[in-house]
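Down below is the structure, laid out as structure tokens.
What follows is calculated from the coordinates using simple rules that are stated; it is not laboratory data. In this text the structure is predicted, and so the values were computed from the model without any measurement. Note that we place each Cβ from the backbone using ideal geometry, even for glycine, and neighbour counts take in every protein chain shown.
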């Protein structure tokens, strides 16, 4: 899906709040806040999820998820918020290390996840460290405003 610049700007803002909703194959749901969401150059969105998270267990059973991206605004009267609802489909999942990712994101650099995340594929299985996280990349299927006015994003 081609994203509008407005959606890209909100997904690229480091002050946003990411609320990921998932469901397992039985339809049991989970909702969680994640700070690790990152928009990639090819308009996918990636998350780093702990191997013990309910969200990860659900995604392994059901590739569909949705994420509410919120960007609170300051100033003026009352509480104002911008954001989008993005509908997702799992594209890629891999056990990974993530120590470099958050540092790179905080510095505003494009994270090279192949170097930062992936378990060393060349090492023998018994030599690999046991990562406690997974990198999950989602295709953005659709993006819609928080309040649906009938216009696409």
Quickly work out the residue 146-to-residue 31 label distance, labels modelled 7 Å from Cα along the C-beta direction, and quote it in nm with one decimal. 1.3
Could you pull out which residues in the stretch 25-57 have an amide N less than 17 Å from a spot 7 Å beyond the Cα of residue 13, following the Cα-Cβ vector? 34-39
Starting from the Cα of residue 74, step 7 Å along the direction of its Cβ; do the same at residue 24; then give the gap between the two resulting points in nm. 4.1
Spin-label point model (7 Å from Cα, Cβ direction): what's the residue 40 to residue 90 distance in nm? 1.5
Can you tell me the Rg and the Dmax, both Å, for the Cα atoms in the stretch 30-71? 10.8, 30
